[in-house]
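A short write-up of the structure that comes next.
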């Protein structure tokens with residue numbers, strides 16, 4: 001039983017990271033209907049900027065973190081404005097290929113800029129893990145969990161209760177009508193991409209202290225985060241968070257009781273089963289068309 | 001009309017036959033010109049050998065999860081520059097082409113094809129990886145390209161004699177046995193093993209078992225894995241007193257941090273492949289105090305003349321590049337490769353190079369002693385334990 005509890009508790013850290021990364025992916029998809037396959041690579045840039053700010057410029061890690069995430073937002077907005085806007089109106093496959101190309105481009109440029117050796121970036125919190133009964137939980141895992149939930153709740157209120165959030169929902173619902181209402185679609189998309197990349201960047205910066213900070217650091221995480229977003233229902237913020245933690249816990253239990261080799265296989269098998277039974281994902285809504 | 005067609009056809013055929021005959025004659029002439037062997041003292045035509053240079057190739061990861069192994073290139077190049085500065089080999093300068101295989105077998109295969117078929121290297125040196133080398137040999141073996149210094153101790157290479165492959169590294173069986181024996185010497189009853197799920201990991205694991213140690217828990221992992229919390233939880237639940245880590249640097253770091261996250265600090269033993277100096281920063285709680293198998297001696301504060309020469313040459317010829325254990329791998333492998341070249345008597349051909357390598361006995365290198373023969377291409381036989389301490393690897397009593 002202790003092992004089971006430890007596996008679940010230990011999954012909070014990576015579950016939270018998957019949740020944050022899935023949130024970032026979902027934010028972009030909700031507004032632009034584009035799956036940004038480069039989200040992991042863009043997030044790594046944010047972590048590298050945080051490392052540069054903390055190590056080269058000597059800034060405190062919290063300040064470096066904030067600056068990097070703001071920079072990630074700028075990166076997201078620039079990617080949308082420069083690349084994705086160019087293929088607006090083209091068939092969806094073009095947007096997918098564009099983001100796949102961005103993945104390779106950004107990853108390559110990151111390696112050239114920062115090199116490929118592992119880098120050290122400190123945790124937000126230092127100190128020993130906290131004992132809760134027979135299990136130990138890392139302080140940073142608790143922070144990541146709390147942050148993922150806080151961001152999800154914050155985004156929920158943003159979309160539901162703010163004018164800008166309403167504008168974003170309007171654009172996602174019907175861009176043409178929103179434009180006629182005076183809402184700038186281009187501005188909304190740029191903001192969505194900025195927020196999306198910033199949130200995923202937060203995930204990378206939180207993951208970096210535990211795993212080696214390298215240009216390809218997010219490759220494996222991106223796969224699980226994508227799975228989490230799909231499981232939760234692509235387009236659902238609550239689904240992204242629930243999916244992230246679900247994938248994290250299931251992956252840990254599979255590794256603990258079966259084999260690491262089966263992690264990816266069984267996680268995606270689970271997703272296939274869920275989508276078969278509920279195609280819109282756990283929290284997604286079925287679109288109904290009145291005739 | 002039909003007669004004219006026949007005549008035109010006969011003329012066409014005759015023209016084609018003439019072209020074919022000229023082409024065949026040209027090909028035969030070219031083959032005759034290109035077939036002479038190279039001499040140690042005159043102009044040469046063996047692949048990669050000219051009257052002024054000998055070209056060698058290397059495939060090694062410079063990006064990806066094993067990017068740090070790319071530091072071995074600096075060690076190879078430093079030794080080549082050192083040799084060139086002291087007259088070269090048979091009056092020729094040594095040149096190196098090093099390609100990035102990203103620790104991916106398909107990329108390694110393509111790189112090897114480029115080196116052999118396009119760059120026409122004479123031989124290869126310091127080739128990294130088990131799975132990648134398994135891909136490389138599909139090109140190297142048929143072409144009989146000599147390879148000196150495989151950066152792997154996997155039994156698929158060390159335990160199998162191939163005429164063109166010369167090991168420098170100790171066998172993973174040797175290293176695994178050392179780690180298993182040392183764990184037993186510490187009187188630890190419960191030992192866990194984390195190993196990579198390929199020939200690299202399984203060879204080391206077999207070596208551990210050959211020491212007589214029966215691991216309490218052996219858990220495989222995938223090289224792309226980043227979350228090691230399940231493995232850390234399992235080892236802790238099994239109450240192991242020591243964990244032997246048979247992994248590449250990235251996963252080793254992640255696993256050490258996962259151990260720290262569950263507040264578990266068993267005795268840590270690891271392969272020389274696992275340990276990198278950056279771990280003092282990336283795994284500050286769990287890496288210091290770890291025991292490491294090694295064949296490269298401790299590099300800091302050493303009076304060993306081989307170490308001093310290595311460090312001096314790195315400073316001179318590769319300033320700014322780390323004089324790390326990985327660079328020392330490359331230096332050691334280059335020492336063996338060059339010793340073989342210098343031992344060639346007569347024409348420089350791949351066959352004469354292999355014969356010369358087979359004649360190397362008692363060759364002292366930075367990493368140990370090399371003894372080859374026509375039936376034994378095994379690498380260095382002796383390994384010892386070091387410990388990660390104070391930012392360096394230090395000798396261990398009884399290691």
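Here are some notes:
- Meets criteria (modelled with pLDDT of 95 or more and within 30 Å of residue A:131 (Cβ to Cβ)) for residue B:191: yes
- Residue B:249 within 9 Å of another protein chain (Cβ to nearest Cβ), closer than 24 Å to residue B:67 by Cβ, crowded, with 24+ Cβ neighbours inside 10 Å and modelled with pLDDT under 95: yes
- Strands (runs of 3 or more DSSP E) wholly inside region B:206-303 containing at least 2 residues that are over 28 Å from residue B:328 (Cβ atoms): B:217-221
- In region B:273-296, the qualifying residues are those that are out of contact with any helix residue (DSSP H, G or I) (no Cβ under 6 Å at 6 or more places or on another chain) and under 19 Å from residue B:334 (Cα atoms), and the one that is surrounded by the most Cβ atoms within 10 Å (Cβ to Cβ) is B:273.
- In region B:190-203, residue farthest from residue B:175 (Cα to Cα) [restricted to those that are surrounded by fewer than 22 Cβ atoms within 10 Å (Cβ to Cβ) and more than 14 Å from chain A (Cβ to nearest Cβ)]: B:190
- Residue in region B:220-232 that is over 26 Å from residue B:159 (Cβ atoms) and under 24 Å from the mean Cα position of the chain (by Cα) present: yes
- Evaluated against (1) within 21 Å of residue B:124 (Cα to Cα); (2) crowded, with 20+ Cβ neighbours inside 10 Å; (3) more than 18 Å from the chain's Cα centre (by Cα), residue B:299 falls short on exactly one condition, (1).
- Single residue of B:180, B:129 found to be buried (at least 19 other Cβ atoms within 10 Å of the Cβ), assigned by TED's automatic domain parsing to the domain that holds residue B:340 and touching a residue at least 60 places away in the same chain (Cβ under 8 Å): B:129
- Scan of region B:361-378 for residues that are more than 24 Å from residue B:314 (Cα to Cα), touching a strand residue (DSSP E or B) at 6+ places or on another chain (Cβ under 7 Å) and buried (at least 20 other Cβ atoms within 10 Å of the Cβ), ordered by number: B:372, B:377
- Summed over region B:232-246, the residues that are at the interface with chain A (Cβ under 7 Å from one of its Cβ atoms) and in contact with a strand residue (DSSP E or B) (Cβ under 7 Å, 6 or more places away or on another chain) give a count of 1.
- For residue B:345, the conditions (1) surrounded by fewer than 21 Cβ atoms within 10 Å (Cβ to Cβ); (2) at pLDDT below 95; (3) assigned to a helix (DSSP H, G or I) all hold with the exception of (3).
- When A:229, A:202 are screened for being surrounded by 23 or more Cβ atoms within 10 Å (Cβ to Cβ), touching a residue at least 40 places away in the same chain (Cβ under 8 Å), more than 14 Å from chain B (Cβ to nearest Cβ) and under 23 Å from residue B:251 (Cα atoms), only A:202 passes.
- Matching option when the condition is within 14 Å of chain B (Cβ to nearest Cβ), surrounded by fewer than 18 Cβ atoms within 10 Å (Cβ to Cβ) and either without any contact (Cβ under 8 Å) to a residue 12 or more places away in the chain or closer than 30 Å to residue B:63 by Cα (or both), among A:259, A:212: A:259
- Residue match in region B:325-333 (condition: at pLDDT below 95 and farther than 20 Å from residue B:194 by Cα): yes
- Within region B:204-230, being without any contact (Cβ under 8 Å) to a residue 40 or more places away in the chain and within 7 Å of chain A (Cβ to nearest Cβ) holds for B:220, B:221, B:222, B:225, B:226, B:227, B:229, B:230.
- Matching residues, region A:109-137, being exposed (fewer than 14 other Cβ atoms within 10 Å of the Cβ) and touching a residue at least 40 places away in the same chain (Cβ under 8 Å): A:113, A:132, A:133, A:134
- Residue identified as surrounded by fewer than 24 Cβ atoms within 10 Å (Cβ to Cβ), modelled with pLDDT under 85, over 25 Å from residue A:74 (Cα atoms) and within 10 Å of another protein chain (Cβ to nearest Cβ) among A:264, A:253: A:264
- Enumeration of residues in region B:46-68 that are more than 14 Å from chain A (Cβ to nearest Cβ) and either assigned to a loop (DSSP other than H, G, I, E, B) or under 17 Å from the mean Cα position of the chain (by Cα) (or both): B:46, B:47, B:48, B:50, B:51, B:52, B:56, B:57, B:58, B:59
- If the condition is being touching a residue at least 40 places away in the same chain (Cβ under 8 Å) and crowded, with 22+ Cβ neighbours inside 10 Å, then region B:151-163 contributes B:151, B:152, B:153, B:154, B:158.
- Take the conditions (1) farther than 28 Å from residue B:194 by Cα; (2) crowded, with 17+ Cβ neighbours inside 10 Å; residue A:278 misses just one of them, which is (2).
- Residue tally, condition out of contact with any helix residue (DSSP H, G or I) (no Cβ under 6 Å at 6 or more places or on another chain), at the interface with chain B (Cβ under 8 Å from one of its Cβ atoms) and within 23 Å of residue B:252 (Cβ to Cβ), over region A:130-148: 1
Here is a yes/no grid of residues against (1) under 22 Å from residue B:172 (Cβ atoms); (2) assigned by TED's automatic domain parsing to the domain that holds residue B:58; (3) in contact (Cβ under 8 Å) with a residue 40 or more places away in the chain:
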site	(1), (2), (3)
B:271	yes, no, yes
B:284	no, no, no
B:307	no, yes, yes
B:321	no, yes, yes
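- Lone unmet requirement of (1) under 16 Å from the mean Cα position of the chain (by Cα); (2) at pLDDT 90 or above; (3) surrounded by fewer than 24 Cβ atoms within 10 Å (Cβ to Cβ) for residue B:206: (1)
- Exactly one residue among A:155, A:164, A:213 is over 19 Å from residue A:42 (Cβ atoms), in contact with a helix residue (DSSP H, G or I) (Cβ under 8 Å, 6 or more places away or on another chain) and modelled with pLDDT under 90, and that residue is A:164.
The values are calculated or read from the model by the stated rules, or taken from the named source; none is laboratory data. From a predicted model like this one, the values you see are computed outputs, not experimental measurements. So basically every Cβ, Gly included, is an ideal-geometry build from the backbone, and we count neighbours across all protein chains shown.
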